[in-house]
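The values are calculated or read from the model by the stated rules, or taken from the named source; none is laboratory data. Not measured: the values here are computed from a predicted model. Heads up, the Cβs are rebuilt from the backbone with ideal geometry, glycines too, and the neighbour counts pull from every protein chain shown. We work out accessible area using only protein heavy atoms, side chains counted, and drop any ligands, DNA or RNA first. Shrake-Rupley method; radii C 1.70, N 1.55, O 1.52, S 1.80 Å.
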Amino acid sequence: MSRFYLTTPLYYVNDKPHLGTAYCTIVADVLSRYHRLFGDETLLLTGADEHGQKIQETAAKRGITPLEQCDEVVELFKSAWKELNIQYDIFFRTTADFHKQVVQKCLQELFERGEIYSSEYEGWYSVSEEIFYMEKDLVEGKSPTGRDVVKIREKNYFFKMSKYQQALIDHIEKHPDFIWPESRRNEVLGFLRQPLNDLCISRPKARLSWGVELPFDKDYVTYVWFDALLNYATGVGLKQPGREDEFKKWWSDAGAIHLIGKDIITTHAVYWPTMLLALNIPLPKRIFAHGWILNKEMEKMSKSKGDVVNPLDMKDYVGVDGLRYFLIRDVHLGNDAPFSLDLLFNRVNNDLANNLGNLASRTLNLVEKFFSGAIPEVGSPDSGADHIREHALMTPQKVQSAIEKMAPSQALEAIVELLNEANKYLEERAPWKLAKTDLPATATVLRAALEVLRFVSILLHPVMPTKMKELQVRLGSPEMSWKALSQWEGLKTGTLVKKGEPLFPRLELPK
Ligand code: MSP
């Protein structure tokens, strides 16, 4: 059996989730639901990045403690993920005691081995990114991503990141699957062509107290990224007595896949692997950087710009499943994609109300009307039905290989093609007319359409769990498994089906 260990970034808890952060989490949920459906043993880790200046400042502004801030926003994340039907296995909090202890163990080990040293440092600090820059890195007096920076001079501790530059380049070159998509891999290799600085991994408590204390200097806390990145490994047992087997199983054997946004590729594809190399811990299997959900101005939707969409509002318009479907179908994982109500409504109307919804309502309606709601026995042979069967039986393989290459939009394209074929077939045979003259031929047509619906109810389940469950109920609850897709005619003759209300009502854009 294969194993699939997927992680999302740990989200900063200075504010509630927005569509950008929900996007990554929904994609992660969909991918892991597919793997579960394939029969893989699956683990999905998400969570909250709770330390650092941003949280300390937000809490101070609100007159509460940082932990109160974290507890409050963690609840907002958890309830949003619940409403968006996200099935995670671990919700990781970096304030957990066991995590802080392991962070300290790692720091102590690196310090004792001389991989961490102290030095006077002068540089430019970006509060919003929590990253230090050298003078040469600045672009027009701002960070390379355009954030404000302030000049800082202080003693700090450094991790000898530069020492691992060549080993990291070698690893990336030897493992073409380590960084996906390829454009990001090239970007990281390009970055590594420049000399790599050592990494400042401490913050003086005088400036920032909200963090994991350095075990070898009580006046400092750990740089938030050094603390947060370790979660992916501490979450599955790193350096925790009694959890060795678990760690081996998920970290060393399965290998983690980190799904992240492209703006945090350097921390994940450079800082993190060099930390692991220094600690003699195996590297993750893959880092996959997705693109951005763009706002009306075609910029990254972000809290700092204020132009964010609340995913839970979208849910009220098109339902959770409609939103999930849109994000998987219209955003090619890895690319940027614009978001607007127009795009969302069009997609839901075209694919779900028209294509899938129509197939379901027409088919179930005709079974009710001409066969008293009981699935009829296949009647006269029909080459069109044979063709649909062939097409359907090939679709699971297409879906599986798209998911394995982390291209879920392609999986949906394959499913939509099958639906198109089935609707075309229905148009051609016009069972609503045929039924008046030839019931056995009508039965064949409807059986084929019902089987397509059964296939689709399983194939789309990871994307739209609620609606597809509902469709399965209407089909008389056939077996819901990947194996059930290896055979045609999984529905039993005589089973009662139910048309019900439209599964996806047509939507009107709000005025
Ligand atoms: N706390 C760090 C991650 C630490 S992981 C050990 C962080 N948090 S974040 O809350 O600022 O961002 C989390 C993720 O949300 C990032 O991967 C980022 O790319 C993603 N997104 C934020 N806005 C986004 C869009 N508009 N579109 C898509 N994803 C975006 O960074």
If we ask which residues in region 59-75 are assigned to a loop (DSSP other than H, G, I, E, B) and among the hydrophobic types (A, V, I, L, M, F, W, C), their number turns out to be 1
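Select from region 83-95 the residues that are open to solvent by less than 30 Å² (accessible area, probe 1.4 Å) and either among the hydrophobic types (A, V, I, L, M, F, W, C) or within 22 Å of residue 312 (Cα to Cα) (or both) and list them in ascending order.
Matches in region 83-95: 84, 86, 92.
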Please go through region 411-448 and pick out each residue that is open to solvent by less than 40 Å² (accessible area, probe 1.4 Å) and of a type in the set (Lys, Arg). 447
Note: among 278, 206, 269, 233, just one is away from the ligand (no atom under 16 Å from the Cβ) and open to solvent by less than 10 Å² (accessible area, probe 1.4 Å), namely 278
Restricting to region 296-313, give me the number of residues that are within 16 Å of residue 24 (Cα to Cα) and either within 15 Å of the ligand (Cβ to nearest atom) or buried (at least 21 other Cβ atoms within 10 Å of the Cβ) (or both). 8
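Would you check if there is a residue in region 104-116 being of a type in the set (Phe, Trp, Tyr), open to solvent by 40 Å² or more (accessible area, probe 1.4 Å) and assigned to a helix (DSSP H, G or I)?
Checking region 104-116: at least one residue is of a type in the set (Phe, Trp, Tyr), open to solvent by 40 Å² or more (accessible area, probe 1.4 Å) and assigned to a helix (DSSP H, G or I).
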Residues to consider are 251, 225; find the one that is open to solvent by 20 Å² or more (accessible area, probe 1.4 Å), out of contact with any Asp or Glu (no Cβ under 6 Å at 6 or more places or on another chain) and within 16 Å of the ligand (Cβ to nearest atom). 225
Which of (1) of a type in the set (Val, Ile, Thr); (2) surrounded by fewer than 17 Cβ atoms within 10 Å (Cβ to Cβ); (3) within 17 Å of residue 240 (Cβ to Cβ) is the odd one out, the single condition residue 65 does not satisfy? (3)
If you go through region 462-511, how many residues are under 27 Å from the mean Cα position of the chain (by Cα), open to solvent by less than 40 Å² (accessible area, probe 1.4 Å) and of a type outside the set (A, V, I, L, M, F, W, C)? 4
Which residues, taken from region 314-328, are within 16 Å of the ligand (Cβ to nearest atom) and touching a residue at least 40 places away in the same chain (Cβ under 8 Å)? 314, 323, 324, 327, 328
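Of the residues that sit in region 123-163 and are open to solvent by 60 Å² or more (accessible area, probe 1.4 Å) and within 30 Å of the chain's Cα centre (by Cα), which one is modelled with the lowest pLDDT?
The qualifying residue modelled with the lowest pLDDT is 145.
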Odd one out for residue 40 among (1) on the phi > 0 side of the Ramachandran plot; (2) surrounded by fewer than 19 Cβ atoms within 10 Å (Cβ to Cβ): (1)
Counting only helices (runs of 4 or more DSSP H) entirely within region 413-502, those with at least 2 residues that are closer than 29 Å to residue 403 by Cα and at pLDDT 95 or above are 439-459, 465-474
Could you please give the count of residues in region 1-21 that are more than 9 Å from the ligand (Cβ to nearest atom) and open to solvent by less than 20 Å² (accessible area, probe 1.4 Å)? 3
